[in-house]
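Written below as structure tokens is the structure these notes are about.
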Amino acid sequence: MYNAKAYSAASVTAPLASTTIPRREPTPRDVQIEILFCGVCHSDLHTLRDEWSSIMPTTYPCVPGHEIVGRVTRVGSAVTGFKPGDLVGVGCMVDADHTCPSCQANVEQFCPDVTFTYNAPDKHLGGVTYGGYSESIVVDEKFVLRVPANLDLAGVAPLLCAGITTWSPMRRWGDLTGKKVGVVGLGGLGHMGVKFARAFGARVVVFTTSPNKKDDALRLGAHEVIVSTDADQMHQHAGSFDFILDTISAEHDINAYLGMLGLDGNLTLVGAPEKPYAVSAFALLFGRKSLSGSLIGGIRETQEMLDFCGEHNITADVEVIPIQRVNEAYDRLVRSDVKYRFSIDMASLKG
Ligand SMILES: [Zn+2]
Ligand SMILES: [Zn+2]
């Protein structure tokens, strides 16, 4: 065991503050990583404030962060895929049982024994796992991703959660070339959805309640923007979409978006509002439409996404901050005042 510098919250009301945390010495299968950048995800904030207490109560002190990019510093004797100096990433998971049907189907995120990157029981040290707001992390080789060297590393970090969350459902839906794809909401998730849909050759339409987001949506790759509060605009596009990715975590009328789908169209949810949706059966019956959900993605498809991003030069749009400004960043995150993700420069932790 060794100590690593980190930022943690001591209680549900405490701000994040400088501390040290224990990390295990690498086992034969482990990779030790010096963290260079860590993205700030909404899940970090929900967990710190114990807002998901009914599903995953928070254990304090809590060190969030699951959009991790870094450089390998040490590897265990049995590690074959990585060597010191390699650029790597770690996302929302650091372990699983490797044997269940979900693991065998390469969707480890649904493993009943999955270990999430933070606030999950730590099989090695006891207590809970600590995330990426830290100078280093030690992770099983199977949960470490290769990062293409040509990409801006600050912008790569959010790919590990926001990126794979939007990539996975679109890939699962099939070939989107020439298809009409809607992205509801233009935040951390939505802006990645737009970039991917465009790269897949789809006709990309952003639904937003903010008309002032139009220019940015077009810059990110959208062909068109629909202001969802404008009934005329919505009516013009009714029944015309093949696929819609709904990234909104606030309460909203899902039936309005189901009405945008054409025959056999699908709407996939990746946001999680607190209250249940009221879904009209008729909105699904007419046109044989489907409604799905999706949660991050497996390790294999996360690697496919990173490789694709390397080939197509895709990264998240980020505002890089020193870790000393992370509490302020959270306040801004609540107001959606970021384009489109904060990425913490971990060199600031050394100062
Ligand atoms: Zn996340
Ligand atoms: Zn499993």
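The values are calculated or read from the model by the stated rules, or taken from the named source; none is laboratory data. For clarity, every value in this text was computed on a predicted model and none was experimentally measured. Heads up, the Cβs are rebuilt from the backbone with ideal geometry, glycines too, and the neighbour counts pull from every protein chain shown.
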- Please work out if residue 56 is within 16 Å of ligand 1 (Cβ to nearest atom) and over 20 Å from residue 329 (Cβ atoms). yes
- Message: Among the residues in region 30-51, are any away from ligand 1 (no atom under 16 Å from the Cβ) and hydroxyl-bearing (Ser, Thr, Tyr)?
- Response: no
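Every residue, every condition in (1) at pLDDT below 95; (2) more than 16 Å from residue 154 (Cβ to Cβ); (3) surrounded by 24 or more Cβ atoms within 10 Å (Cβ to Cβ); (4) in contact with an Asp or Glu (Cβ under 6 Å, 6 or more places away or on another chain), yes or no:
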| position | (1), (2), (3), (4) |
| --- | --- |
| 34 | no, no, no, no |
| 40 | no, no, yes, no |
| 52 | yes, yes, no, no |
| 56 | yes, yes, no, no |
| 69 | no, no, yes, no |
| 75 | no, yes, no, no |
| 78 | no, yes, no, no |
| 83 | no, yes, no, no |
| 90 | no, no, yes, no |
- Task: Take region 170-183 and flag every residue that is over 21 Å from residue 224 (Cβ atoms) and either under 15 Å from the mean Cα position of the chain (by Cα) or not in a loop (DSSP other than H, G, I, E, B) (or both).
- Result: 171, 172
- Message: List the helices (runs of 4 or more DSSP H) inside region 229-323, counting only whole elements, that have at least 1 residues being aromatic (Phe, Trp, Tyr) and touching a residue at least 24 places away in the same chain (Cβ under 8 Å).
- Response: 254-258, 299-312
- Answer from 244, 248, 296 - the residue that is away from ligand 1 (no atom under 16 Å from the Cβ) and among the β-branched types (Val, Ile, Thr): 244
- All but one of (1) in contact with a Ser or Thr (Cβ under 7 Å, 6 or more places away or on another chain); (2) crowded, with 22+ Cβ neighbours inside 10 Å hold for residue 200; which doesn't? (2)
- away from ligand 2 (no atom under 16 Å from the Cβ), more than 28 Å from residue 55 (Cβ to Cβ) and of a type in the set (Phe, Trp, Tyr) - does that describe any residue in region 275-293? yes
- Quick one: residue 62 ticks every box in (1) under 21 Å from residue 40 (Cα atoms); (2) within 16 Å of ligand 2 (Cβ to nearest atom) except a single one, so which number is it? (2)
- Filter pass, residue 289 being surrounded by 15 or more Cβ atoms within 10 Å (Cβ to Cβ), more than 18 Å from the chain's Cα centre (by Cα) and not hydrophobic (A, V, I, L, M, F, W, C): yes
- Task: Kindly establish whether residue 186 is part of a loop (DSSP other than H, G, I, E, B), more than 13 Å from ligand 1 (Cβ to nearest atom) and crowded, with 22+ Cβ neighbours inside 10 Å.
- Result: yes
- Query: Hey, which of the strands (runs of 3 or more DSSP E) in region 50-158, taking only ones fully inside, have at least 3 residues that are in contact (Cβ under 8 Å) with a residue 60 or more places away in the chain?
  - Reply: 68-75, 87-90, 136-140
- So which residues in region 324-351 are without any contact (Cβ under 8 Å) to a residue 40 or more places away in the chain, farther than 21 Å from residue 210 by Cα and not in a helix (DSSP H, G or I)? 351
